[in-house]
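Right, one structure below, let's go through it.
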Amino acid sequence: MKYNWQLPDWPDFRYELAELEGALLDFVDRAGLVSGTVQALPESEQNNAIADLMIVEALKTSEIEGEVLSRPDVASSIRNGLRLNSPHQRVRDRASAGAAELILAVRSGWRAGLSDSVLFEWHRSLLQGSNNVLIGEWRSHEEPMQVVEVTLGTPKVLYEGPPSTSVPAEMRAFVEWFNVSRDAIRYAPIRAGLAHLYFESIHPFEDGNGRIGRALAEKALFQGVGRPLLLSLSQAIEADRSSYYSALQAAQRSNEVTDWLRYFVDMCLQALDGAQSRIEFVLKKARFFDQHREALSERQLKVVRRILDAGPDGFEGGINASKYQRITGVSKATATRDLQELLQQEILISIGGGRSTRYELKL
């Protein structure tokens, strides 16, 4: 079976818009709801909500590729870039800094058109410090660019991109399409979904294609609605990454892409729902600290912050004495006493019993 770029109609993507119009209208409604919720927050909490969602996006787009970043370094990089840290905090991990710089560049430069130089700069930021990878240039190796899955030691080719010699011409066409489609495609999620599929099918870099492809999708969404949206598309995708890869691989076999766009628009809706939850969580967190900050010791405050860093879903499995010990370095007796104090102050709620007792914040 041929891949999409080998077909005579490449890259003339076709789709049935009527099947998607209901979901596209939902997108407009939910995007408006998220924006309204943010605008109702105090300015300081608006900034925290923006930073929180950008941190999540940087972490999750890397997790999709199997790379786990340092959350503190990503958070410091994002907050430094948004000028929320005073003074700037030191960032040690270059991979985390690179992921954050890409997210910041997409948000700050959303209005600008696309060009080779923009993509090369994104690539250099993302892969700063990487070794043995061609950075800031299109791939040029002679061997085929293949996406391979290894099962029980047996490799299986899931996708093969255009040869490297074709990449410069393919990318000239892509960049032109991206810029022209800004006015030609009415619905932001449609253009974003097509941009992501188109870019991933060319796979122009040696590494980082997935992360940059998702950044392009967010840039297209921002341009389509006329403002930077608050959402983490990668968080929605990462929640079921196998479905993402299955949908993408299926779409790379044909240029009729209605099924792919149906999947992608649904991811956009889930991303907006996730953003709404995180924004509401930011407000709850602010209220929580206003109410309880004076009642918390330094080590209790440290543990509470770690729990809240985990987001609306909280610590996996809740907090218990053993986890409290690991975070603070105190004895088991002290950890148990601290947890009981937090329980009595109604800062924590108890779940389970006996040795399986664990605690969650009462937000």
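Below, the figures for the structure above:
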read-out	value
Prolate/oblate/rounded call for the stretch 4-281, Cα gyration tensor, a/c under 1.5 rounded	oblate
Which of V147, S181, S44, positive extreme of dipole for the stretch 4-281 (C-beta unit charges)	S44
Anisotropy class of the stretch 1-138 from Cα gyration tensor, a/c 1.5 cut	oblate
Relative contact order (%) - criterion: Cα under 8 Å, at least six apart; region: the stretch 1-114	19 percent
Estimated dipole of the stretch 128-177 in Debye, rounded to 20 [Cβ of Lys and Arg +1, of Asp and Glu -1, Cα centre]	80 debye
Check: the chain dipole with +1 on Lys, Arg Cβ and -1 on Asp, Glu Cβ, in debye	1440 debye
Integer Hz, Karplus 6.51/-1.76/1.60 couplings in order for the stretch 4-10, x for Gly and Pro	4, 6, 8, 8, x, 9, 5
Cα gyration tensor shape for the stretch 264-323, rounded if a/c is under 1.5, else prolate or oblate	oblate
Dipole-positive endmost among W10, L339, A105 within the chain (Cβ charges, Cα centre)	L339
Cut-off 13 Å between beta-carbons: net charge of the residues surrounding L33, Lys and Arg +1, Asp and Glu -1	-3
For q = 0.14, 0.23, 0.27 Å⁻¹, Debye-computed log10 I/I(0) when each Cα of the stretch 296-361 counts as one equal scatterer	-0.34, -1.00, -1.42
Order of R186, R30, R337, R299 - criterion: other Cβ atoms within 10 Å of each residue's Cβ, fewest first	R186, R337, R299, R30
Total charge dipole magnitude, the stretch 296-361, about the Cα centre, Cβ charges on Lys, Arg, Asp, Glu only, Debye to nearest 20	320 debye
R287/Q89 FRET efficiency (R0 30 Å; Cβ-Cβ; nearest 0.05)	0.75
Estimated [θ] at 222 nm from DSSP helical runs (n ≥ 4, -39500 (n - 2.57)) normalised by residues in the chain, nearest 500	-19500 deg cm²/dmol
Residue exposure sequence - F199, F281 - by fewest surrounding Cβ within 10 Å	F281, F199
Nonlocal Lys pairs with alpha-carbon distance under 27 Å, the chain (8 or more apart, or different chains)	20
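Readers should treat all values here as calculations from the given coordinates under stated rules, not as data from a laboratory. Keep in mind it's a predicted model, so treat the numbers as computed, not measured. Cβ: placed from backbone, ideal geometry, glycine included. Neighbour counts: every protein chain shown.
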